[in-house]
1. Indicate, rounded to the nearest 5 percent, the antiparallel portion of the DSSP beta bridges found entirely in the chain.
2. Starting from the Cα of residue 73, step 7 Å toward the Cβ, then list every residue of the range 6-29 with an amide N under 16 Å from that point.
3. Given an 8 Å cut-off on Cα distances and at least 6 residues of separation, report the relative contact order of the range 104-145 as a percent.
4. Listed highest first by mean packing, meaning other Cβ atoms within 10 Å per residue, what order do 24-36, 57-69 come in?
5. Relative contact order of the chain, please, whole-number percent, based on alpha carbon pairs below 8 angstrom and at least 6 residues apart.
6. Short version: ³J(HN,Hα) in whole Hz for each residue of the range 76-81, in order, from phi by Karplus 6.51 cos²θ - 1.76 cosθ + 1.60 (θ = phi - 60°), x for Gly and Pro, what are they?
7. Grab the DSSP H runs of the chain that are 4 residues or longer, score each as -39,500 (n - 2.57), total them, divide by all residues and round the 222 nm result to the nearest 500 deg cm²/dmol.
8. Taking all protein chains in place and a 1.4 Å probe, what share, in percent, of the accessible surface of the chain do carbon and sulfur account for?
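The values are calculated or read from the model by the stated rules, or taken from the named source; none is laboratory data. Note that the structure is a prediction, hence the values are computed from the model and not measured. As a convention, Cβ positions derive from the backbone with ideal geometry for all residues, glycine included, and neighbour counts pool all protein chains shown. Ligands, DNA and RNA are stripped out before the accessible areas are found, and what is left, the full protein with its side chains, is counted by its heavy atoms. Shrake-Rupley method; radii C 1.70, N 1.55, O 1.52, S 1.80 Å.
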Amino acid sequence: VDEQSSISGVQGALTKYCKGCNPIPGDKIVGYVSRGRGIIIHRTDCESLLALGKSRLVKVDWNMNKVSDSSFVSSIDILAKESAQIYVEITNAFSELNVKIISLNTSTNKSGEFLIKIGMLVKDKNQLQQIKNKISSLSSVYEVK
């Protein structure tokens, strides 16, 4: 186990996380040995893995001694009723769970509903599920993915 990395099984190698699937502790993961960029960590269900050569995949896992000190990029998509208070409700939910928002993008669909994509920093899959549950419980929210 490499004590310096949140990933075990890649001692001494540069590791990066796939920006497409944003793996977080609790997700099943695999490493892809890239040319010149080190090992890219993907969720095992990442769609971009289908296009990659299986011969370059390596077995990796979370180094649980290190992930507790780290935050990981994740995101959720919210479908909500148009409401003046929706942003206050959402940011309050994040604040209550001590989850940092790093990006927020909003658009409106043809029905006038808000489509909100929020990027955040989470500790693990459990914290991500907590924020999804909290946001889902808001009266103006139809769906959280």
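1. Details: 29 of 33 bridges.
The antiparallel fraction comes to roughly 90 percent.
2. Under 16 Å, as judged by backbone N against the label point of residue 73, lie 15-25 of the range 6-29.
3. Working: 25 pairs, mean separation 9.5, N = 42.
Over the range 104-145, the number comes to 23 percent.
4. 24-36, 57-69
5. On the way: 259 pairs, mean separation 35.7, N = 145.
RCO, the chain: 25 percent.
6. Karplus-based 3J(HN,Hα) across the range 76-81 equals 9, 10, 10, 10, 9, 5 Hz.
7. Working: 3 runs with 27 residues, N = 145.
Value at 222 nm, helices only, nearest 500: -5500 deg cm²/dmol.
8. Details: 4130 of 8630 Å².
Ligands and nucleic acids excluded, carbon and sulfur reach 48 percent.
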